[in-house]
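The values are calculated or read from the model by the stated rules, or taken from the named source; none is laboratory data. Please read these numbers as outputs of a predicted model, since none were measured by experiment. Heads up, the Cβs are rebuilt from the backbone with ideal geometry, glycines too, and the neighbour counts pull from every protein chain shown. Areas reflect the complete protein model, heavy atoms only, side chains present, ligands, DNA and RNA absent. Shrake-Rupley method; radii C 1.70, N 1.55, O 1.52, S 1.80 Å.
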Amino acid sequence: MERLIEYATSIQAKYIDAYIQLKSYRQVAKQFHVNEKTVRDAIKGVKLKAALQGYSPEHDMTKAVPDGFMVKGVSTYYDDEGKPKGQWVKSSADKVRQQEILKEAIEAMAEDLPKVEPRRGRLDVNEKLMAVYPIGDLHVGMLSWPEETGDEWDLKLAEEIQCSAMAKLVELSPACEWATIINLGDWFHYDNLEGVTARSGHHLDTDGRYAKMARIGVKIMRQCIESALDKHAKVRVINVIGNHDDTSSMMLSICLANIYEKEPRVIIDTSPSAFQYFRHGKVLVGCHHGHSTKPAALAGVMATDKSKDWGETEYRYWYIGHVHHQSVKDFAGCTIESFRTLAAKDAYSHWGGYRAPRDMKSIILHSEYGEVSRNTMNIGMLR
């Protein structure tokens, strides 16, 4: 149990140290004036984090493989008398369970985050209008060298440009009752400590360490939320899972949900689904990164997933990212739109000949008439 402290936050380490002495979750909770479940979840989170990094205090001879892995095969060798002498257990990663472990670990660690206190919002808002802020692939943590790509991008620029774009678009928007901020995926450039793509193992151009990228990524989204709160009565945040940040997008949502736990004006969607939806009167909007389903198939996905809402709405839209360029196309029953990004090109995109413009838009939806206006901030207006 003592070794678990290596993987713990400061408060988790205190819980573990007290548990070693008291041997009781209830007594530890009493000592720190917290709920017993808080202590159990905190220590459980440390165990899960440790397991992900290769250490499990429960991994002994009675358990073939640690949590997060599955048995692939067993090789037994025998002595001269034919009795089992030893055994090799072959295992492979159980990706579904590992994702569950990671989610549980992040939730436990995020409990220590400071909470934003609730504050009163403005009352002079239009209940019929919703401001939507789709953010195309921001790629926080990506490094672009201008001598190679013609554009510069790093953590500092990602923060400055995205926060400035959001603030200016909010300023141009009417005071709507609802604002919906949509991170359309690939908010983070990479999803692991190695800085390589999870599926193909390609090395990415990265700026700084993973922890630094995660810190800046959360900070940028918090600033976007704060900008929206200054103008709108309520703010919903949707973080779509991208192909660059399968697990980091989940981390972002969980962290934000804990930070804004006490603020009823902010709703953080923590669903791990690749398809997210929200409704505003006669308007239904679906959000997807665009890497796993072809645009032509999205109308059928929406009609199946949200059949009741589909039948009750008149204006239906899909907002997607991934391709880094703007495209709007009408399909049977809905309109599919892909959005540009404010991020610069990395070396891969530059060598591939991608040259799409860079911008961010805000869209105003009317509960009766669908989209009624939009604004654009291009990169030249933000430098």
Residue 285 fails exactly one of (1) free of Cβ contacts under 8 Å to residues at least 12 places away in the same chain; (2) open to solvent by less than 10 Å² (accessible area, probe 1.4 Å), namely (1)
If we keep only residues of segment 1-39 that are under 19 Å from residue 49 (Cα atoms) and not in a helix (DSSP H, G or I), then the residue farthest from the chain's Cα centre (by Cα) is 1
Quick count over segment 121-157, residues being hydrophobic (A, V, I, L, M, F, W, C) and more than 20 Å from residue 196 (Cα to Cα), is 8
Restricted to segment 202-235 and to residues being basic (Lys, Arg) and under 19 Å from the mean Cα position of the chain (by Cα), the residue modelled with the lowest pLDDT is 209
All-but-one check, residue 198 against (1) aliphatic (A, V, I, L, M); (2) touching a helix residue (DSSP H, G or I) at 6+ places or on another chain (Cβ under 8 Å); (3) surrounded by fewer than 23 Cβ atoms within 10 Å (Cβ to Cβ), failing number (2)
Item to complete: Would you mind stating whether residue 362 is more than 16 Å from residue 279 (Cα to Cα) and touching a helix residue (DSSP H, G or I) at 6+ places or on another chain (Cβ under 8 Å)?
Response: yes
Condition set among the charged types (D, E, K, R) and touching a strand residue (DSSP E or B) at 6+ places or on another chain (Cβ under 8 Å), scope segment 111-150, selection surrounded by the fewest Cβ atoms within 10 Å (Cβ to Cβ): answer is 127
Condition check for residue 199: assigned to a loop (DSSP other than H, G, I, E, B), basic (Lys, Arg) and within 30 Å of residue 381 (Cβ to Cβ) = no
When residue 263 is run through (1) under 24 Å from residue 306 (Cβ atoms); (2) of a type outside the set (Phe, Trp, Tyr); (3) open to solvent by less than 40 Å² (accessible area, probe 1.4 Å); (4) in a loop (DSSP other than H, G, I, E, B), the failure sits at (1)
Looking at the structure I just gave you, is residue 240 touching a Gly at 6+ places or on another chain (Cβ under 6 Å) and crowded, with 23+ Cβ neighbours inside 10 Å? yes
Considering segment 313-333, residues that are more than 19 Å from residue 283 (Cβ to Cβ) and over 21 Å from the mean Cα position of the chain (by Cα), and then whichever is least open to solvent (accessible area, probe 1.4 Å), we arrive at 327
Those residues of segment 190-224 that are in contact with an Asp or Glu (Cβ under 8 Å, 6 or more places away or on another chain), closer than 23 Å to residue 291 by Cα and touching a residue at least 60 places away in the same chain (Cβ under 8 Å) come to a total of 3
Of a type in the set (Val, Ile, Thr) and more than 17 Å from the chain's Cα centre (by Cα), is that true of residue 161? yes
Flag if residue 236 is assigned to a strand (DSSP E or B) and of a type in the set (Lys, Arg) = yes
Counted residues in segment 134-172 being assigned to a strand (DSSP E or B), of a type in the set (A, V, I, L, M, F, W, C) and farther than 24 Å from residue 238 by Cα come to 1
Subset of segment 118-150, residues free of Cβ contacts under 8 Å to residues at least 60 places away in the same chain and within 23 Å of residue 257 (Cβ to Cβ), comes to 120
Conditions (1) over 30 Å from residue 120 (Cα atoms); (2) part of a strand (DSSP E or B); (3) among the β-branched types (Val, Ile, Thr); (4) open to solvent by 20 Å² or more (accessible area, probe 1.4 Å) -> residue 336 fails only (4)
Residues in segment 21-35 that are touching an Asp or Glu at 6+ places or on another chain (Cβ under 7 Å) and either open to solvent by less than 30 Å² (accessible area, probe 1.4 Å) or modelled with pLDDT under 90 (or both) total 1
Fill in: Residue within segment 181-195 that is open to solvent by 40 Å² or more (accessible area, probe 1.4 Å), of a type outside the set (A, V, I, L, M, F, W, C) and not in a loop (DSSP other than H, G, I, E, B) present
no
- Task: Check segment 308-316 and report whether any residue there is assigned to a strand (DSSP E or B) and touching a residue at least 24 places away in the same chain (Cβ under 8 Å).
- Result: yes
